[in-house]
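A quick write-up on the structure given underneath.
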Amino acid sequence: MDKLLENALKGDELSISRVLTRIEYMTDEGMKYLEELSKKAGSAHTIGITGIPGAGKSTLISSLIEEFSKRGNKKIGVIMIDPSSPISMGSFMGNRIRMQDKTMMNNVFIRSIASRGHLGGVSSEAIMLIEAMDGLGFNPIIVETVGAGQTDTEVVSSVHTITVVNVPGTGDEIQALKAGIMEIGDIYVINKAEYPEADVLYDEIKFAIDSGNWNGWKPLVLKVSALKKIGIKELVDAIETHEKYLKESGKFIKKINERRKKMIELIIRRKIDEKINEVINKEVLDNWTDLLTIVNRIYDDVKKSL
Ligand SMILES: Nc1nc2c(ncn2[C@@H]2O[C@H](COP(=O)(O)OP(=O)(O)OP(=O)(O)O)[C@@H](O)[C@H]2O)c(=O)[nH]1
Ligand SMILES: [Mg+2]
């Protein structure tokens with residue numbers, strides 16, 4: 001096996017980082033790494049943490065990392081999409097280290113990706129990273145996203161357990177819930193629960209969930225304070241309960257298969273897109289005749305070159 005991948009599998013930080021970068025950029029080497037890692041992947045529980053900017057997602061993730069670590073999780077992966085506020089405990093890989101407890105963070109690998117992506121597609125990068133980290137033995141893998149827009153939706157729908165983070169005082173939560181925007185959650189968290197207004201929001205969301213018709217999994221609603229570390233144990237319990245439910249119902253594997261289907265689709269789309277750009281750049285300006293002739297010729301050329 002390739003030395004870099006071998007070292008990454010042994011847990012060497014720098015090697016992990018390099019392997020992931022090659023995968024993100026979809027280099028030939030990167031794609032071979034992804035192929036190898038994909039053979040080992042399929043056991044990690046993937047958790048999405050989604051919610052509006054400032055809801056406390058990053059703070060919550062650092063509290064979750066602590067709790068998962070206490071429960072013996074040896075390799076925790078975190079993927080942050082376009083983070084405006086990196087996890088304050090710091091990433092053991094990153095440069096912005098502000099660690100409170102260094103030893104505790106040795107089991108955590110944090111990777112950020114910018115929302116534009118290296119090659120224009122965050123969804124494919126995020127989903128490839130999930131697959132790769134899974135193959136590298138990270139479990140759980142926690143993904144932070146704001147949950148809005150097509151990219152985020154694609155990523156969010158690729159994880160096992162979707163945790164929607166709400167905060168009191170934004171006023172539009174119930175409208176969002178009614179409009180179905182929040183229908184995606186497996187767990188609803190009301191963060192900043194040390195504020196008394198959190199109770200009202202909790203009651204509203206709980207009521208909305210209780211009034212719904214649920215088949216299989218009924219979403220759980222929990223109050224937490226990510227900052228003051230209140231309710232974190234209960235949240236990890238809820239996450240683990242959902243994981244158990246998915247495994248017992250066969251949905252755990254199904255979700256991984258869906259994620260892989262999406263990954264393959266995105267990789268192929270990206271390859272085709274690249275070809276289209278290549279052919280268009282070469283042909284359009286030089287050989288302008290009429291629209292349909294050009295469209296058909298480019299279409300044929302793309303087909304031939306695939
Ligand atoms: N009072 C209080 N503040 C909190 C709590 N959790 C997070 N915060 C604060 O809320 C602010 C935003 O927290 P982040 O964790 O960066 O929020 P985020 O959702 O990751 O934000 P983006 O990454 O920008 O979308 C920070 O100043 C946190 O300290 C909480 O439980 N209580
Ligand atoms: Mg954040």
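Where a number appears in this text, it was derived from the coordinates with a stated rule and is not lab data. Here the structure is a predicted model, which is why all the values come from computation and not from measurement. Cβ placement follows ideal geometry from the backbone for every residue including glycine, while neighbour counts extend to all protein chains displayed.
Details
- Charge context of I142, other residues only, Cβ under 13 angstrom, K/R +1, D/E -1: -2
- Amide H to amide H distances under 5 Å link V221 with Y188, where only residues 5 or more positions off or on other chains count and H is placed in the peptide plane.
- Extension gain, D300 to I276, is 7.6 nm, computed as 0.36 nm per intervening residue step minus the present C-alpha separation.
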